[in-house]
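Student: Dropping the structure in here first, questions after.
A short reminder: the numbers here are calculations on the coordinates, not readings from a lab. On a predicted model such as this, the values are computed, not experimentally measured, just so you know. Because the Cβ atoms are built from the backbone with ideal geometry, glycine has one as well, and the counts that use them run over all protein chains shown.
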Amino acid sequence: MSEFIPLAQIDEVVEAVRKRIHHQPKIALILGSGLGGLADAVVQPDIIPYEEIPHWYRSTVEGHAGRLVIGNLEGKPLLVMQGRSHYYEGISMAQVGLPIRVMQRLGIEILIVTNAAGAINPDYAPGELMLINDHIALMAMAGLNPLRGPNIPEFGPRFPDMSQAYDRDLLKIARRVADEQKVGYREGVYICLAGPSFESPADLRFLRVIGADAVGMSTVPEVIAARHGGMRVLGISGISNKANLDGNTITTHAEVLEAGKMLVPRLTAVINGVLRALP
Ligand code: HPA
C-alpha cells in the first residue's frame, strides 16, 4: 500500500474520472456510514463504481455503496462519494486522502463531509446532527497524516495552517439553514480514531477530557488534505450512538446503520439548503 502517491498517479485517476463525467462540479459531498441515501436525489447522474477507477480503493464496509455519483442537486453540479475508505481497512493515509486530491485536480473548491459518530458529549442523543467546528487530529499527531512524505506544492505548502479547518462562512450558512428547516443541531469537536474496534469506557473518558464531543473513524484525514489544497470545508456528524462511558451498553455497527435512517432526512434538509444558499 503506497505511503505516498505522486502527482502523476493522482492525475491518472483524474483523467479516468474526467472521461466519464458530463458535469463540472465545484462542490463535493462525502457520505458516511448509513448516509449514502442522500445520493439518490442527484439528477442526471454519471455513476462510476470505485472498482472501475484506477488506484482507487474500494471500500469493504457494509453501509458504503462504493461509487462516485456526479450530477446536479438543488441545481448545483456536485460530485458525491457514496461511501469512503478508512485507515482500518488496511490502506495508507495517502490512499485515504487520494479522493480529495482527485477532487482538487478536478477543480472542486468546496467539500461537504459527513460521518456517523458516537456521542461523547453527554448532552447529545442518537439522531442529532453535530456541525463540526473543529477536530482533534489524534492520529495525525501520532504520525498518521495524509501529508506525510514529499510535499506536492501544486496542492499547498509543506506546513499548512489548520486554524480554521471548518469554514466559518459555511458554518454560518449551515446554522441558518438548520434553523430555517427546524432541524435541531449541536456544534462541537470531532475526533478521529483509527478503529475498527470501538472505544473502551476508559478510552472515552480520555477523549472527553481532551475536549472531543463526538468520535468516529474518518473525516479528519480528508479534511487535512482538503485544507492543504485550499478547499473550504463544511463537516457534519450524524450522531448514531451514545458513547459507552459507563460500560453498561454495547456499541454495534448495526446500531450505527439504523441511526442513519433517522439522520438522512435531517442531513438532506441541511445539505440541500446549504447547496441552495451557495452561489
Ligand atoms: N465510535 C467510533 N466510531 C463510531 C462510533 C463510535 O461510537 N459510532 C459511529 N462511528
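Student: How much FRET efficiency would the formula 1/(1 + (r/R0)^6) give for Glu74 and Gln164, where r is the Cβ-Cβ distance and R0 is 30 Å, rounded to 0.05? Provide the component values of the computation, followed by the final result.
Tutor: Values: r = 26 Å, r/R0 = 0.85.
My answer for the efficiency is 0.70.
Student: Roughly how many debye, to the nearest 20, is the charge dipole of the range 67-143 about its Cα centre, given +1 on each Lys and Arg Cβ, -1 on each Asp and Glu Cβ, and no other charges?
Tutor: 420
Student: Using a Cα-Cα cut-off of under 17 Å, which aspartates and glutamates could be cross-linked to Lys19, ignoring same-chain neighbours fewer than 8 residues away?
Tutor: Reachable aspartates and glutamates: Asp11, Asp46, Glu51, Glu52.
Student: Can you compute the modelled spin-label distance between Asp40 and Glu12, with each label point 7 Å from Cα toward Cβ, in nm?
Tutor: The answer from the label model is 3.7 nm.
Student: Further question: How big is the Cα convex hull of the chain in projection, averaged over all directions, in nm²?
Tutor: So the mean shadow area of the Cα hull is 13.2 nm².
Student: State the dimensionless ratio Rg/Rh of the range 1-155 (Rg: radius of gyration of Cα atoms; Rh: Kirkwood radius).
Tutor: Radius of gyration over Kirkwood radius for the range 1-155 works out to 0.96.
Student: Based on the mean of other Cβ atoms within 10 Å per residue, sort peptides 96-107, 264-275 so the most packed one is first. Don't skip to the end; give the middle numbers.
Tutor: Values: 96-107: 22.8, 264-275: 19.8.
Highest to lowest by the protection proxy: 96-107, 264-275.
Student: Per q in 0.15, 0.17, 0.22, 0.29 Å⁻¹, report the Debye log10 I(q)/I(0) for the range 55-108, using one uniform scatterer on each alpha carbon and no solvent.
Tutor: The computed values of log10 I(q)/I(0) come out as -0.46, -0.58, -0.89, -1.21.
Student: Only sites in a loop by DSSP and with at most 10 other Cβ atoms within 10 Å count here; which trypsin sites (Lys or Arg not before Pro) in the range 143-173 make the cut?
Tutor: Filter output for the range 143-173: Arg158.
Student: Same structure, new question: Run the dipole for the chain about the Cα centre, Lys and Arg Cβ at +1, Asp and Glu Cβ at -1, nothing else charged, and hand back the magnitude in debye, nearest 20.
Tutor: 520
Student: Can you order the peptides 23-35, 131-143 by their average number of other Cβ atoms within 10 Å per residue, highest first?
Tutor: Going from most to least packed, we get 23-35, 131-143.
Student: As I understand it, the dipole of the range 127-208 uses +1 on the Cβ of Lys and Arg and -1 on the Cβ of Asp and Glu, about the Cα centre. Which of Pro150, Gly184, Leu170 lies farthest toward its positive end?
Tutor: Gly184
Student: Between Arg20 and Glu62, what's the calculated FRET efficiency when r is the beta-carbon distance and R0 is 25 Å? Round to 0.05. Please report the intermediate quantities before stating the final value.
Tutor: Numbers: r = 26 Å, r/R0 = 1.05.
The calculated FRET efficiency here is 0.45.
Student: Under a GNM of the chain (C-alpha, springs under 10 Å), which listed residue has the highest mean-square fluctuation: Leu234, Leu144, Leu68?
Tutor: Leu144
Student: At 222 nm, what value in deg cm²/dmol follows for the chain if DSSP H runs of at least 4 each add -39500 (n - 2.57) and the sum is divided by all its residues, to the nearest 500?
Tutor: One gets -9500 deg cm²/dmol as the mean residue ellipticity at 222 nm.
Student: Can I ask one more? Write down the radius of gyration of the range 195-279 and its Dmax, each obtained from C-alpha positions, in Å.
Tutor: 15.5, 48
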